[in-house]
Amino acid sequence: MQQAINEARDRGLRIIVAGGDGFCGWPTALYLSKQGHEVTIIDSLVRRDIDDELGSNSVTPILPLEQRVAAWEEVSGSRIDVRIGDLSDYEFLSAVVTDVQPEAFVHFAEQRSAPYSMIDREHAIYTQRTNVEGTLNVLWAIRDYAPECHLVKLGTMGEYGQPNIDIEEGFIEIEHRGRTDRLPFPKQPGSFYHLSKVHDSDNIMFACKIWNIAATDLNQGIVYGLHTNETRMDPRLVNRFDYDAVYGTALNRFLIQAAVGHPLTVYGDGSQTRAYLNIEDTVRCIELACANPAQPGEFRVFNQFTESFSVEELAVKVVAAASTLGIDAQINHVENPRVEKYNHYYNAVNTRLIDLGLEPHLLTEGVLAEILEVARTHAGRARNELILPSVTLSLIHISEPTRQEAIS
């Protein structure tokens, strides 16, 4: 498998990274560029607009995209092309695909927050329309203008929910009334965002079948971490750090709470368990998928995570890491704004990327302490009113606060 990666690096793949200004997309674009690939970023910059809508911000001060790319070219000597536009604009997208003729299309360009999708009807519709329409446009652009292109699509482990059986990688062998078949693994999404990802998966699988497209669906766990080797090269390349209750993960929220002296807010009893992945492994997984593409007509699914933790376990880890820095962090259990399972079974398979050569970075006190140092350095940028939950996620009932209530 390493031979395939070396060969891809030697000749340099033409790769589009859609959503290349985002938390996963930015370090991925830098990593692929550093490995010798020809990278083109597509981004509408809407994530920055959403910060304005929510009255939120990145704890780390991130530069405008043009300045980030200019800094990268100055530091690395490698060029990244940038095209500003939205995947919902098919004329724009098809022109970029025609011009670049990508060999791989890495698709991060979606509304990625479950709480955001649950604020109200408008946000649910925006999420579904943005994600499903954008992915359909990508599929059509590949079919019409770059049929040899391999689609690498970021899915989510959240598509599966928390079933009481082992979670396989995309498909499951079943026996029913004496007959057997290999079928897509049952999906139990917990938000309109996760539902949009399920729709994406179905649409991609269908496009592979009817149009002979090659696609890899990366069902990614929750990503933690901040730095990669590339973002460490210059302060101007720093990745974004979301901490608010709408876009920040539980781990990020705990880290910024520890940094500002706020108790760590664990939802419910903290037994909710999810899959996790270091951002350094995210960028590596993308290259592994690009260098070892699916075959024409093949829709394959990789579960992209390395470890599983409960929310309580994460909080305890942050408390331990904080103590190494002289911070006395405390844990508070608060009412859960989500309707979700506690003490549930969670065991997911994640062998395919390991088989391709992924060497996981694990969640250690040192990793957490490094992020916590950054959070403490920029603690003055954190807005305390954004740390606590404000949006209720429920499979049964969805609160519909006013816009101001939802973001305050």
Next item on the list: Might you let me know whether segment 96-109 holds any residue that is on the phi > 0 side of the Ramachandran plot and polar (S, T, N, Q)?
Entry: yes
Next item on the list: Output the residues belonging to segment 144-169 that are assigned to a strand (DSSP E or B) and open to solvent by less than 10 Å² (accessible area, probe 1.4 Å).
Entry: His150, Leu151, Val152, Lys153, Gly155, Ile167
Note to self: Can you say whether Glu312 is within 17 Å of the chain's Cα centre (by Cα), surrounded by fewer than 23 Cβ atoms within 10 Å (Cβ to Cβ) and at pLDDT 95 or above, as far as the supplied structure shows?
What the structure shows: no
Note to self: Criterion first (of a type in the set (Ser, Thr, Tyr), over 21 Å from the mean Cα position of the chain (by Cα) and closer than 30 Å to Ser323 by Cβ) does Tyr346 satisfy it?
What the structure shows: no
Check: For Arg236, are the conditions met, namely being open to solvent by 10 Å² or more (accessible area, probe 1.4 Å), assigned to a helix (DSSP H, G or I), in contact with a helix residue (DSSP H, G or I) (Cβ under 6 Å, 6 or more places away or on another chain) and farther than 26 Å from Phe185 by Cβ?
Finding: yes
Checklist line | Pairs, first part of a loop (DSSP other than H, G, I, E, B) in segment 356-368, second open to solvent by 80 Å² or more (accessible area, probe 1.4 Å), C-beta under 6 Å, six or more apart | finding: Leu356/Met1; Gly357/Met1; Gly357/Gln2
Checklist line | Selection within segment 342-358 - in contact with a Lys or Arg (Cβ under 9 Å, 6 or more places away or on another chain) and either acidic (Asp, Glu) or under 16 Å from Gly158 (Cβ atoms) (or both) | finding: Tyr346
Item checked: Near pairs, Cβ below 6 angstrom, 6+ apart or cross-chain, from segment 238-260 (within 21 Å of Thr127 (Cβ to Cβ)) to any residue that is part of a helix (DSSP H, G or I) and of a type in the set (Phe, Trp, Tyr) -> Val246/Tyr116
Item checked: Residues (more than 15 Å from Lys197 (Cβ to Cβ) and surrounded by 24 or more Cβ atoms within 10 Å (Cβ to Cβ)) located in segment 103-118 -> Ala104, Phe105, Val106
Note to self: I'd like to know if segment 28-47 contains one or more residues that are open to solvent by 50 Å² or more (accessible area, probe 1.4 Å) and in contact with a strand residue (DSSP E or B) (Cβ under 7 Å, 6 or more places away or on another chain).
What the structure shows: yes
Check: Taking segment 240-275 as the search range and keeping residues that are open to solvent by 10 Å² or more (accessible area, probe 1.4 Å) and part of a strand (DSSP E or B), which one is farthest from Ile167 (Cα to Cα)?
Finding: Tyr267
Check: Could you give every pair whose Cβ atoms fall below 8 Å, whose first residue belongs to segment 163-188 and is over 21 Å from Thr216 (Cβ atoms), and whose second residue is among the polar types (S, T, N, Q), counting only separations of at least 6 or pairs across chains?
Finding: Pro163/Gln188; Asp166/Asn347; Ile174/Thr180; Gln188/Gln162
Notebook entry, point to check: Can you name the number of the only condition in (1) closer than 28 Å to Val132 by Cβ; (2) crowded, with 23+ Cβ neighbours inside 10 Å that Ile222 fails?
Noted result: (2)
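The values are calculated or read from the model by the stated rules, or taken from the named source; none is laboratory data. The structure presented is a predicted model; accordingly, all values stated were derived computationally and were not measured. Heads up, the Cβs are rebuilt from the backbone with ideal geometry, glycines too, and the neighbour counts pull from every protein chain shown. Just so you know, the surface numbers come from the protein's heavy atoms only, side chains and all, with ligands and any DNA or RNA stripped out. Shrake-Rupley method; radii C 1.70, N 1.55, O 1.52, S 1.80 Å.
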